[in-house]
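Before any comments, here is the structure.
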Amino acid sequence: MRQILIYMRRILILVAFFALIGVAIGYLARRTAFIFGCKPVWFYIGYTLALVGAFVFTFGGASAWSCNPVCHILFCIFSTLLGVLLYLIIVMVVVDIVQLFAHFPAKVFGLVVGGLTLILCVGGIINAFTPRLTPATVELSGLRQPVRAVQLTDTHLGHFRGRRHVRRLVDMVNAANPDIIFFTGDCFESPYNLNAETVEPLRQLKAPVYFVSGNHDGYVSIDSVKSLLRQVGVRVLETEVVEDCGLQIVGLDYMRADEHDGNSMHAPVGDATIESVSRELIHKGDLPLVVLHHNPCGGEYLEKAEVDLYLAGHTHGGQLYPLIWVNDKVFRFNRGLYQLGNMQIYTSCGSGTFGPPMRIGTRSEVTVLELRPGE
């Protein structure tokens with residue numbers, strides 16, 4: 001019965017989503033026709049084709065065909081266009097509200113809408129490709145001495161990011177002088193740039209690196225991603241436990257929270273879950289227990305297993321307004337540091353993007369975690 005309700009909910013969400021898309025296309029077509037002083041019929045067709053192309057190429061970016069040079073160019077164009085259309089309609093609605101009182105001529109209306117949309121999108125692109133160090137302090141019971149950890153996540157290497165982006169991240173991480181590095185998944189988002197040259201700069205990292213896979217790594221080729229990372233000295237954890245820097249580190253493969261979880265994107269069904277794995281987690285001595293998992297789900301099970309710190313990514317913090325508000329409803333731990341009982345959770349926004357190569361309302365980040373002894 002629960003599964004039926006989940007499926008019904010998904011169907012209702014899809015129906016509402018496509019209804020909203022239809023309304024948006026109609027609104028854009030009519031207002032664009034107002035700007036140019038013509039009939040909206042061709043704009044209906046144009047916006048529909050633009051959105052179809054944007055969805056096809058954006059969500060098909062992990063496919064082998066997207067590596068074709070022509071498809072790669074189309075992917076970059078249409079993924080960017082998806083963000084442009086999002087902010088075009090937001091800006092148009094806002095200016096339309098002002099228009100009720102200001103009564104702009106059609107040309108002025110078009111220039112204001114076009115100019116504001118351009119500023120937002122260019123600013124969002126610059127912001128997305130300017131990763132910053134984000135500090136956070138976490139006290140851990142049982143920690144014998146301070147540890148500086150860096151968390152990388154959601155680099156989304158592929159069409160928009162390659163070796164140069166990795167080189168930049170490596171320089172940032174080394175400048176932070178960490179004792180240990182945690183990489184919580186979604187290293188790649190596309191077979192494009194999936195090669196040894198792209199990840200070669202990771203050899204220059206000056207601290208041990210522990211990696212767990214994300215959903216996009218699975219879309220691309222989980223075996224290939226893990227193999228490339230191992231070749232450059234990254235320790236890939238596959239639901240196993242290691243000790244380093246006075247920490248007991250548990251690296252989990254990408255999995256669902258429990259057997260009823262319908263929100264973990266394309267996690268393997270019928271395999272291990274965080275609920276089942278958490279029953280086997282046992283503290284070794286008095287070492288703090290740190291769990292790495294791509295999606296910040298299943299926290300309630302890990303808290304019961306006396307985990308001290310849970311590190312994740314996946315959410316991008318919402319990446320773009322107004323999607324941040326949606327994420328806050330979908331993900332209990334969307335971005336930043338949270339407390340759940342005696343366990344602390346940190347969800348990083350990550351240093352990459354999915355879909356539009358833009359960030360508005362969030363920032364691309366590399367997290368520097370100051371782990372300190374605490375009660």
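Every number in this text was worked out from the coordinates using simple rules, so none of it is lab data. None of these values were measured; they are calculated from a predicted model. Positions of Cβ are backbone-derived with ideal geometry, glycine not excepted, and every protein chain shown enters the neighbour counts.
Normalising the average separation of contacting C-alpha pairs (under 8 angstrom, six or more residues apart) by the number of residues puts the relative contact order of the range 132-374 at 27 percent.
First measure r as the distance between the Cβ atoms of Asp244 and Leu49, then evaluate 1/(1 + (r/R0)^6) with R0 = 41 Å and state the FRET efficiency to the nearest 0.05. Please report the intermediate quantities before stating the final value.
On the way: r = 52 Å, r/R0 = 1.27.
Efficiency, from the Cβ-Cβ distance: 0.20.
Cβ crowding within 10 Å, taken as a proxy for footprinting-reagent exposure, orders Val94, Val250 from fewest neighbours to most as Val94, Val250. Charged side chains reduced to their Cβ positions (Lys and Arg at +1, Asp and Glu at -1) give the range 2-127 a dipole of some 280 debye around its Cα centre.
Label-to-label distance, Asp171 versus Asp96, with points set 7 angstrom from Cα along the beta-carbon direction: 4.5 nm.
For Arg203 and Asn68, what is the calculated FRET efficiency with R₀ set at 22 Å and r taken between the beta-carbons, to the nearest 0.05?
Details: r = 30 Å, r/R0 = 1.36.
Computed FRET efficiency for Arg203 and Asn68 comes out at 0.15.
Per the Cα gyration tensor, the chain maps to an equivalent ellipsoid with semi-axes of 40, 22, 20 Å, ordered largest to smallest. Each 10 Å bin from 0 upward holds the following percent of the Cα-Cα pairs of the range 2-127: 11, 32, 33, 18, 5, 0. Projecting the Cα atoms of Gly162, Phe182, Phe211 onto the charge dipole of the chain, computed from C-beta unit charges around the Cα centre, puts Gly162 farthest toward the positive end. Assuming R0 = 51 Å, can you tell me the calculated FRET efficiency for the pair Glu259 and Val108, based on Cβ-Cβ distance, to the nearest 0.05? Step by step, r from the Cβ atoms, then E = 0.30. About the centre of its Cα atoms, the chain shows a dipole size close to 1580 debye [charges on the beta carbon of Lys, Arg (+1) and Asp, Glu (-1) only; nearest 20 debye].
Work out which helices of the chain, taken as complete DSSP H runs, extend at least 15 Å along their axis over the Cα atoms and score a mean Kyte-Doolittle of 0.0 or more, then list them.
Numbers: long enough: 2-36 (51 Å, 1.45); 41-59 (27 Å, 1.78); 69-102 (48 Å, 2.37); 106-128 (33 Å, 1.93); 163-175 (18 Å, -0.62).
Helices passing the filter in the chain: 2-36, 41-59, 69-102, 106-128.
A straight Cα-to-Cα reach below 12 Å connects Lys107 with none of the aspartates and glutamates, residues fewer than 8 places away in its own chain not being considered.
Taken along the Cα-to-beta-carbon direction at a fixed 7 Å, the label points for Asn195 and Ile77 span 2.4 nm.
A simple spin-label model places pseudo-atoms 7 Å from Cα toward Cβ; at Glu306 and Phe36 they are separated by 6.8 nm. Extension gain for the segment Arg372 to Val15, taken as residue separation times 0.36 nm less the Cα-Cα distance, is 123.6 nm to one decimal. Each of Tyr87, Gly233, Tyr192 was scored by the projection of its Cα onto the charge dipole of the chain, and the greatest displacement toward the positive side belongs to Tyr87; charges sit on the C-beta of Lys, Arg, Asp and Glu.
Going from the alpha-carbon gyration tensor of the range 170-310, what semi-axes, largest first and in whole Å, does one get by taking the root of 5 times each eigenvalue?
They are 25, 21, 11 Å, listed from largest to smallest.
In the range 2-127, taking the dipole from charged Cβ atoms about the Cα centre, the farthest positive-side position among Ala102, Ile125, Phe55 is held by Phe55.
Listed by chain and number, the lysines whose C-alpha is less than 23 Å from the C-alpha of Lys304, apart from same-chain residues fewer than 8 away, are Lys284.
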